[in-house]
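Chemist: First the structure, which I've put down as structure tokens, then a few questions once you've had a look.
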Amino acid sequence: MGSSTKRRAVGLSVGLAMMAGAATIGWGDQAQAQTSVKIGYAISRTGPAAGGAAVTSIPNYELWVKEVNAAGGLKLGDKRVPIEVVQYDDRSSAEEAAKALERLINQDKVDFILPPWGTGLNLAVGPILNKAGYPHLASTAVTDRAPELAKRWPNSFWLLGTSADASKTLVEMLVKLRGEGKIGDTVAMVSIADGFGIDLSAAARPALAAAKFKLAYDKTYPVGTQDLGPIVNEVKALNPDTFIAFSYPPDTIAITEQARISGFNPKVYYTGVGTAFPLFKQKFAANAEGVMGIGGWSGDSPAIKDYLARHKASAANGAEPDRWASAVTFASLQMLQQAIERVGKVDRAAVIKDLQTGSFDTVIGKVKFENNMPTNYWWVGQWQGGEFYGVAPSGNAGARQPILPKPAWKTQ
Amino acid sequence: MTNAVLTGLVLGGMYALIAMGLTLQYGVARIMNLAYGEFLIGSAFASYFLFTGWAVNPLVGLIVIVPVSFVVSFLLYKIFLTPLVRRARTRDALEVDSILATFGLMFIVQGILLTMFGGAYFSYSFLAIPVTVVGEVLAMNRLVAFALAVVLGTVLYLLLTRTRIGTSIRAVAVDPASAPLVAINVPQLSALAFAAGGALVASAGVLISMFLTFSATSGVVFTMKALIVVVMGGIGNLMGCLVAGMLLGLSEALVATYIDPGLTIAVNFALFLGVLLVRPAGIFGRGGR
């Protein structure tokens, strides 16, 4: 009995050690003062958020560090200081993210911290970064509380904007298209019963009603739904002009696949997170043409083209960035770099001040924060000839005209 | 109506397919394999790379992936799990030990998948063409998966009920303590059942990869689903798997069509609880065998 208990204890501790190993992907050496700038981050390597982090955050963090170090490092005063990275896996959990950040701050004593992926985790780590006085460039969080949070935590910057804005812009575009006689009144909307879908559909409902659209279908579905066939079939029977799905990546793919198979081809076909992913283009190829989705970028801009090429060259398997938050994430790192270099030393309060007031040259153009938020966002993009161009707000530099009606699905 | 029923049946077939391997591993070999979903995802990746890299049709890929998985599972049982089986005094103790061991195994397999493929989503298109069945349009790949689930289920059922080895396997599932009295080699049959479970989960992974988007970390979803189906149907009972899977699939499709897609998971769990309240051992548990 005794030996079996002992063996079990050994087994358990091996298991625990394994889990700890999974949590600690990398670690840095203790460095001498300012021979390096320590940048730390806790990111979802495992768990439900890993899919998003692997596409949008991690490749950009790695690209940025690689490029900065290839140039000799960050310019502090008149010398260049290389970046040293300390990183952990937050296992997509708010508690793990909080613990990892405490560790980065108190034990690893990193100079700057890059944010986790996703709205939930950014909200979770906000108070910690605020208390410790680290700049928090939330480049993958969409929340209606952004303006309020920016006020409460002056160190935080919300680069992706608010869901109300996202829905408002989408509806404005629909109003414009209706005015041009390109679409009619009927709209069908489905949304995932999770933060993103709840926020966006809650903002879209009154906006659609105010614009006198007929909401023929308005349902939610739970996370992890494995067959969206019933929804698509029911929507198809209603024959709406506009279809809106505030969906997550696996559902975005599944809904689009089902729409193609059922031959559901509304004039405006819009899906949520994942439409802007390279996976979408790879999977649907020519069938992506005309599909609208959240995000977009100025695909014609030389800075974006150059960024796309660098990203492909740097990322594992030549992966492409997504066409929404990826470029914004990289831009946020450029802003952090420019702020640090302008301040010329690791002075976090001064860097925050510079981020609040300065203006920055980035891959997404010139950015200047107002109340800790950018003034321009891409809210609707459309696949046109193999690239996901921003189409709304139409006032943004580089905005393309939406192609309507969406071309018919092709059989493969 | 027809559409909802057909969609439900196809979805139910997929659930049954996912769960069949676990019912063998858990019901016969008594290994509560928490790494089950990881093996499913592993074969989904294998199929993805055979298809995108060498243009191997996933259905042909089955011929390679399924035997490999059988051998891997067999070795896993022989090398990794047999020590646990030997030292376990009771079957309950084995269950607890196997949960701990396979929990660790889950991290290992997931870690390997993450290092090899990263955390991104993967998806490919195969047989994603519309077919018309009694006037309703369905996806060919889902239909093929359903058909294969039915074939696998039937073959396995016949094997278990009509052959000598199948009868021995059922004997081990029902009463492992008495099985040796009639000259049944329990350890050998357990290994065989575990390996067969591994082969089944591999086929499920290949078939599912044709129409679901997956990532290295999505295995746990399938472990959970399989566990619900297995427990609901009666542990170790193949018929139970099919019936429970169909019940879940049909209820999900009908609820999504006629009530609200938001309630599908709630209804699934209500059904699960309802069945367990009436029959704590599952629909075909113990008494029904």
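Chemist: In region B:245-289, what residues drop by 20 Å² or more of accessible area when the other protein chains are put back, versus the chain on its own? Use 1.4 Å, and skip ligands and nucleic acids.
Modeler: B:GLU252, B:ALA256, B:THR257, B:ASP260, B:PRO261, B:GLY262, B:ILE265
Chemist: For peptide A:279-286, how many partner chain Cβ atoms fall within 10 Å of a residue's Cβ, on average? Don't skip to the answer; put the middle values down first.
Modeler: On the way: counts 6, 2, 0, 5, 7, 3, 1, 0.
For peptide A:279-286, the averaged partner shielding equals 3.
Chemist: Quote the FRET efficiency, to the nearest 0.05, computed for B:ILE259 versus B:GLN188 with a Förster distance R0 of 51 Å and r equal to the Cβ-Cβ distance. Please list the in-between numbers first.
Modeler: Numbers: r = 49 Å, r/R0 = 0.96.
The pair B:ILE259/B:GLN188 has a calculated efficiency of 0.55.
Chemist: Right, next: May I ask you to give the solvent-accessible area per residue for chain B, in square angstrom, as obtained with a 1.4 angstrom probe? Don't skip to the end; give the middle numbers.
Modeler: Numbers: 11450 Å² over 289 residues.
In whole numbers, chain B has 40 Å² accessible per residue.
Chemist: Determine the residues within region B:1-42 where the difference in accessible area between the chain on its own and the full set of protein chains amounts to at least 20 Å²; count protein heavy atoms only and use a 1.4 Å probe.
Modeler: B:ASN3, B:THR7, B:LEU11
Chemist: Taking all protein chains in place and a 1.4 Å probe, what share, in percent, of the accessible surface of region B:10-246 do carbon and sulfur account for?
Modeler: Details: 6520 of 8820 Å².
It is 74 percent, rounded to a whole number.
Chemist: Now, a different point. How many square angstrom of accessible surface are buried between A and B, both sides summed, with a 1.4 Å probe and rounding to 100?
Modeler: Interface area, both chains combined: 3500 Å², rounded to the nearest 100.
Chemist: Bin width 10 Å, origin at 0, all Cα-Cα pairs of region B:10-246: what percent of pairs per bin?
Modeler: Percent of pairs per bin, in order: 8, 33, 36, 17, 5, 1.
Chemist: A 28 angstrom limit on the alpha carbon distance is what I want to check against. Which of A:LYS75/A:LYS353; A:LYS182/A:LYS281; A:LYS283/A:LYS366; A:LYS66/A:LYS283 exceed it? List each step's numbers first, then the result.
Modeler: Details: A:LYS75/A:LYS353 18 Å; A:LYS182/A:LYS281 26 Å; A:LYS283/A:LYS366 33 Å; A:LYS66/A:LYS283 30 Å.
Those over the limit are A:LYS283/A:LYS366; A:LYS66/A:LYS283.
Chemist: Once you sort the root eigenvalues of the Cα gyration tensor of region A:44-157 as a ≥ b ≥ c, which label holds: rounded (a/c under 1.5), prolate (a/b larger than b/c) or oblate (the other case)? Write down the numbers at each step before the final one.
Modeler: Working: a/c = 1.62, a/b = 1.33, b/c = 1.22.
It is prolate, given that a/c is not under 1.5 and a/b is the larger ratio.
Chemist: When chain A is treated as a GNM, springs tying every alpha-carbon pair under 10 Å, which of A:ALA49, A:ALA350, A:ALA71 comes out with the largest mean-square fluctuation?
Modeler: Checking each option, the largest mean-square fluctuation is seen for A:ALA71.
Chemist: How big is the Cα convex hull of region A:261-349 in projection, averaged over all directions, in nm²? If you can, show how the numbers build up before the last one.
Modeler: On the way: hull surface 33.6 nm².
Spelled out: convex hull of the Cα atoms, projected over all directions, averaged, 8.4 nm².
Chemist: So, one more: Taking each residue in B:203-216, count the Cβ atoms of any other chain within 10 Å of its Cβ, then average. What number comes out?
Modeler: Details: counts 0, 0, 0, 0, 0, 1, 0, 0, 7, 6, 12, 2, 7, 5.
Rounded to a whole number, the mean comes out at 3.
Chemist: Right, here's the next one. Based on the Cβ-Cβ distance from A:ASN239 to A:ALA209, what FRET efficiency comes out when R0 is 35 Å, to the nearest 0.05?
Modeler: On the way: r = 20 Å, r/R0 = 0.58.
It comes to 0.95.
Chemist: Right, something else. Under the definition of partner shielding as Cβ atoms of other protein chains within 10 Å of a residue Cβ, what is the mean value for peptide A:293-300?
Modeler: Across the residues of A:293-300, the mean count of other-chain Cβ atoms within 10 Å is 0.
Chemist: Using only DSSP helix segments of four residues or longer, with each worth -39500 (n - 2.57), what per-residue ellipticity at 222 nm results for the protein assembly as shown after dividing by its residue count and rounding to 500? Intermediate values should be presented prior to the final figure.
Modeler: Details: 24 runs with 380 residues, N = 701.
Mean residue ellipticity, 222 nm, calculated: -18000 deg cm²/dmol.
Chemist: While we're looking at this one, here's another question. Could you tell me which of rounded, prolate or oblate describes region A:79-126, using a ≥ b ≥ c as the square roots of the eigenvalues of the alpha-carbon gyration tensor, with rounded for a/c under 1.5 and, failing that, prolate when a/b is larger than b/c and oblate otherwise? Could you put the intermediate results ahead of the total?
Modeler: Numbers: a/c = 2.45, a/b = 1.86, b/c = 1.32.
Here region A:79-126 falls in the prolate category.
Chemist: Taking the alpha carbon gyration tensor of region B:192-238, what are the square roots of 5 times its eigenvalues, largest first, to the nearest whole Å? Provide the component values of the computation, followed by the final result.
Modeler: On the way: eigenvalues 80, 41, 17 Å².
For region B:192-238, the ellipsoid semi-axes come out as 20, 14, 9 Å.
Chemist: Hey, any idea what % of region A:131-276's accessible area is carbon plus sulfur with a 1.4 Å probe? Don't jump to the answer; show the numbers that get you there.
Modeler: On the way: 2550 of 4550 Å².
Answer for region A:131-276: carbon and sulfur cover 56 percent of the accessible area.
Chemist: So if I average 1/r over every pair of distinct C-alpha atoms in region B:141-289 and take the inverse, what Kirkwood radius in Å does that give? List each step's numbers first, then the result.
Modeler: Working: mean 1/r = 0.0591 Å⁻¹.
By the Kirkwood definition, the hydrodynamic radius is 16.9 Å.
Chemist: Can you work out D for chain A in µm² s⁻¹ from Stokes-Einstein, where Rh is the Kirkwood radius over C-alpha pairs, the temperature is 20 °C and the viscosity is 1.002 mPa s? Intermediate results must be reported in sequence, preceding the final value.
Modeler: On the way: Rh = 22.4 Å.
Answer from the Stokes-Einstein relation: 96 µm²/s.
Chemist: Then there's this: Would you mind pulling out the separation of the Cα centroids of region A:334-412 and region B:147-217, in Å?
Modeler: Their Cα centres are 54 Å away from one another.
Chemist: For region A:32-108 and region A:170-198, what is the separation of their Cα centres, given in Å?
Modeler: When both Cα centres are located, 38 Å separates them.
Chemist: Mind listing, in residue-number order, the residues in region B:133-162 that have at least 50 Å² less accessible area with every protein chain present than in their own chain alone (1.4 Å probe)?
Modeler: Buried-area filter returns B:ARG142.
Chemist: Here's a follow-up. In 20 Å bins starting at zero, report the fraction of Cα pairs in the protein assembly as shown per bin as a rounded %.
Modeler: Using 20 Å bins, I get a P(r) of 17, 47, 30, 6, 0 for the protein assembly as shown.
Chemist: Hey, another quick one. On average, how much accessible surface per residue is there in chain A, in Å², for a 1.4 Å probe, leaving out ligands, DNA and RNA? Mind showing how you got there, number by number?
Modeler: Working: 15680 Å² over 412 residues.
Here the per-residue accessible area is 38 Å².
The values are calculated or read from the model by the stated rules, or taken from the named source; none is laboratory data. Keep in mind that this is a model prediction, so the values were computed, not measured. No Cβ is skipped: glycine too gets one built from the backbone with ideal geometry, and neighbour counts run over all protein chains shown. Note: areas computed on protein heavy atoms with side chains; ligands, DNA, RNA excluded. Shrake-Rupley method; radii C 1.70, N 1.55, O 1.52, S 1.80 Å.
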